[in-house]
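The values are calculated or read from the model by the stated rules, or taken from the named source; none is laboratory data. The structure presented is a predicted model; accordingly, all values stated were derived computationally and were not measured. Cβ: placed from backbone, ideal geometry, glycine included. Neighbour counts: every protein chain shown.
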Amino acid sequence: MQNNHSLNFHIKIASEVVPVAVSSLELGLERGELIHPSWKIDSIVSSEEAAFLCSQKPSGFWNKIISFNPVDRKLVGSNSKTLEQLLIRLSQDLICKTQYLFPSYNSGLQLIKVGLNNTEAATKSGETVDRDDLLHIDTCKGGFLNSSRMLKLSCNIDPTNFRVWEKGPTLFHLFNDERSRTDLLADCKKGLFRTGVNLDPEFVYAKISGALRQSELIQKKASRKLINFPSQSCWLAMTDVCLHSTLRGSNLLELVFMVRENVLSAPELSVPRVLSSFLASHVKQAAA
């Protein structure tokens, strides 16, 4: 089993039973479904460690969360070596569990970020572009759209409280719905199709991400499902296409992975390909 993350973690065989038809899990993820593994965060973190994690607040005016970059091994928002070492150990254990759950991804799975967010989501503060209580997709700077999908593992480390999500439609569904597609194109139209360089998938994706948050039609009319994540539970989603919002909860640990296209079960669902199809079909309409 090959590792492709930069922390050089050692693989440990997890104790969970491999689900039947494991490939269906990968395909479900790629279609925008949520995966709820049976393991919980309290199986790898003690109550004292959990309390320590929940007590941490980001330092610095601009830091909303504490994050660890496994590539350059840089901790942002804190200078605690104890926290850094704990995040590294937890990441190691959670990577192993994720690899065991999705074995076909192993050679193309790369951890790019570990985040600790202890802010209450229900505050609904900030500008529209920053609010997590609005349906949105997750973006990541650095050209990941050229070859990869974003896989996010979320862990509710709150000792007692639920985390409450609204899961909306996928980006695929919005592109296939005429009203939603027209609304997105209207919001994205300005400055989007002026030159050939603006057809770059990552540029278009950023524009669409902003348009989703601004769209009254999508924010008020899109179908959604309310989901309660119990304390200590974990869930996984490809949030580059899975629209979601957070209505309640604090104390969240997240691992963000990139999954290379060559290991995907359905590479035709990768964001670059979906965007290319979207642009090819509607560039003339948007430029009109």
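Going through (1) assigned to a loop (DSSP other than H, G, I, E, B); (2) at pLDDT 50 or above; (3) in contact with a Ser or Thr (Cβ under 7 Å, 6 or more places away or on another chain) one by one, residue 61 falls short only on (3). Note on segment 111-132: residues that are modelled with pLDDT of 90 or more and within 21 Å of residue 169 (Cβ to Cβ) total 0. With respect to the conditions (1) at pLDDT below 50; (2) within 22 Å of residue 229 (Cα to Cα); (3) of a type in the set (Lys, Arg), residue 12 lacks only one, and its number is (2). Among the residues of segment 209-255, those that are of a type in the set (D, E, K, R), touching a Lys or Arg at 6+ places or on another chain (Cβ under 9 Å) and surrounded by fewer than 22 Cβ atoms within 10 Å (Cβ to Cβ) comprise 213, 221, 224, 225, 248, 254.
Candidates in segment 140-156 are the residues that are over 10 Å from residue 249 (Cα atoms) and modelled with pLDDT of 80 or more; of these, the one that is surrounded by the fewest Cβ atoms within 10 Å (Cβ to Cβ) is 152. Remark: pairs (first residue in segment 76-101, closer than 18 Å to residue 41 by Cβ and part of a helix (DSSP H, G or I); second residue among the polar types (S, T, N, Q) and modelled with pLDDT under 95; Cβ separation under 7 Å; 6+ apart in sequence or on different chains) = 99/106.
Summed over segment 32-58, the residues that are part of a loop (DSSP other than H, G, I, E, B) and loosely packed, with under 15 Cβ neighbours inside 10 Å give a count of 4.
If the Cβ limit is 8 Å and pairs must be 6+ apart or interchain, which residue in segment 213-233 that is among the hydrophobic types (A, V, I, L, M, F, W, C) pairs with which residue that is in a loop (DSSP other than H, G, I, E, B)? From residues that are among the hydrophobic types (A, V, I, L, M, F, W, C), the pairs are 218/135; 222/135; 227/34; 229/162; 229/249.
What residue, of 2, 56, is more than 21 Å from the chain's Cα centre (by Cα), at pLDDT 90 or above and either within 28 Å of residue 267 (Cβ to Cβ) or not basic (Lys, Arg) (or both)? Step through it out loud before you land on a result.
Working: 2 fails: at pLDDT 90 or above.
So the residue among 2, 56 that is more than 21 Å from the chain's Cα centre (by Cα), at pLDDT 90 or above and either within 28 Å of residue 267 (Cβ to Cβ) or not basic (Lys, Arg) (or both) is 56.
Going residue by residue through segment 59-75, is there one that turns out to be over 30 Å from residue 212 (Cα atoms), of a type in the set (S, T, N, Q) and buried (at least 18 other Cβ atoms within 10 Å of the Cβ)? Within segment 59-75, none of the residues are over 30 Å from residue 212 (Cα atoms), of a type in the set (S, T, N, Q) and buried (at least 18 other Cβ atoms within 10 Å of the Cβ).
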